[in-house]
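J.: Sharing a structure, written as structure tokens. Questions coming.
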Amino acid sequence: MSRGIDLPEVIPLFPLPGAVLMPRTRLPLQIFEPRYLQMVEDVLKTPARLIGMIQPAESGLESLAQVGCAGRIVAFSELDDGRLMISLKAITRFRLDEVRPGFTPYLRGRVDCTGFAADLSPDPEQDAGFQRSGFIARLGRYMEQRGLSTDWDSAEATDDETLVNSMSMLLPLAAEEKQALLECPTLSQRRVLLDGLLEYALHGGDSEETIQ
């Protein structure tokens, strides 16, 4: 792998409903459950400091989505009450081959990053067909409809990949919609899907039950 990080065959898994880590993004997390505090403590002792973010399937934590994203702990701090604040930097998506039994209180999985070579590039992925002004306009209407706000100056200034991937992570979409965005092979396909979800929502296609 590039960037000096080798993806181990088996990594700790953090199943978190509605949370996805997209390529070349960062995800802040608050850790408070004892098993995941233990996971972070164990991970910080390893050279790569990797955690596999993955969504539970509908049947519960023991049944997981097939695609997740490995992130490296790049910052952490401990609060007075024992909680940990960490920041994960995306390294690469992976396919989950199997959940590995073990003696840890948290899950571990055998993973394979074959097919996600573009995630390892240090350069943002390009989307030649991106009509940015139209996307920003739809995004603005969507956020206004839901009473959400954002830093529009920063949104305008960011590159296309960061904008699409960040919105795919942060917008209050259903868990299965976020998973579909994560699994899109290319930025262009993710942008098309996200744009479609925005249009669908603006035309009343969703309901309060699908909004997390």
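J.: Take the residues of the stretch 134-165 that are open to solvent by less than 40 Å² (accessible area, probe 1.4 Å) and out of contact with any Leu (no Cβ under 9 Å at 6 or more places or on another chain): which is farthest from residue 202 (Cα to Cα)?
T.: 158
J.: Return a yes/no flag: does the stretch 129-152 have any residue that is among the acidic types (Asp, Glu) and more than 18 Å from the chain's Cα centre (by Cα).
T.: yes
J.: Looking at (1) open to solvent by 20 Å² or more (accessible area, probe 1.4 Å); (2) in contact (Cβ under 8 Å) with a residue 40 or more places away in the chain; (3) over 18 Å from the mean Cα position of the chain (by Cα); (4) closer than 20 Å to residue 21 by Cα, which is the only condition residue 183 fails?
T.: All conditions are met except number (3).
Okay, residues lined up against (1) under 24 Å from residue 54 (Cβ atoms); (2) modelled with pLDDT of 95 or more:
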residue: 111; (1), (2): yes, yes
residue: 117; (1), (2): yes, no
residue: 132; (1), (2): no, no
residue: 137; (1), (2): no, no
residue: 154; (1), (2): no, no
residue: 165; (1), (2): yes, yes
residue: 169; (1), (2): yes, yes
residue: 178; (1), (2): yes, yes
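J.: Only one of these conditions is not met by residue 57: (1) surrounded by 13 or more Cβ atoms within 10 Å (Cβ to Cβ); (2) of a type in the set (Gly, Ala, Ser); (3) touching a residue at least 12 places away in the same chain (Cβ under 8 Å). Which number is it?
T.: (3)
J.: Under 9 Å between Cβ atoms, which residue pairs at least 6 apart in sequence (or on different chains) link something in the stretch 147-172 that is among the β-branched types (Val, Ile, Thr) with a partner that is open to solvent by 60 Å² or more (accessible area, probe 1.4 Å) and at pLDDT 85 or above?
T.: 150/170
J.: Next up: Please enumerate the residues belonging to the stretch 16-35 that are in a strand (DSSP E or B) and either under 23 Å from residue 167 (Cβ atoms) or open to solvent by 20 Å² or more (accessible area, probe 1.4 Å) (or both).
T.: Hits for the stretch 16-35 are 26, 27, 28, 29, 30.
J.: Name the residues in the stretch 100-125 that are touching a Gly at 6+ places or on another chain (Cβ under 7 Å) and either over 23 Å from residue 33 (Cβ atoms) or surrounded by 17 or more Cβ atoms within 10 Å (Cβ to Cβ) (or both), would you?
T.: 108, 109, 111
J.: Tell me the residue from 196, 147, 140, 134 that is in a loop (DSSP other than H, G, I, E, B) and small (Gly, Ala, Ser), please.
T.: Exactly one of 196, 147, 140, 134 is in a loop (DSSP other than H, G, I, E, B) and small (Gly, Ala, Ser), namely 147.
J.: Right, something else. From the list 93, 83, 26, pick out the single residue that is of a type outside the set (S, T, N, Q), more than 18 Å from residue 113 (Cβ to Cβ) and at pLDDT 95 or above.
T.: One residue alone meets the criteria, 26.
J.: If you don't mind, there's one more thing I want to ask. For the stretch 88-114, enumerate the residues that are without any contact (Cβ under 8 Å) to a residue 24 or more places away in the chain, under 24 Å from residue 27 (Cα atoms) and in a loop (DSSP other than H, G, I, E, B).
T.: 114 - this is the single residue of the stretch 88-114 that is without any contact (Cβ under 8 Å) to a residue 24 or more places away in the chain, under 24 Å from residue 27 (Cα atoms) and in a loop (DSSP other than H, G, I, E, B).
The values are calculated or read from the model by the stated rules, or taken from the named source; none is laboratory data. This one's a predicted model, so the numbers in the text were calculated from it and none came from an experiment. Here the Cβ is made from the backbone with ideal geometry for all residues, glycine too, and neighbour counts use every protein chain on show. For the accessible areas, the whole protein counts, side chains as well, though only heavy atoms, and no ligand, DNA or RNA atoms are used. Shrake-Rupley method; radii C 1.70, N 1.55, O 1.52, S 1.80 Å.
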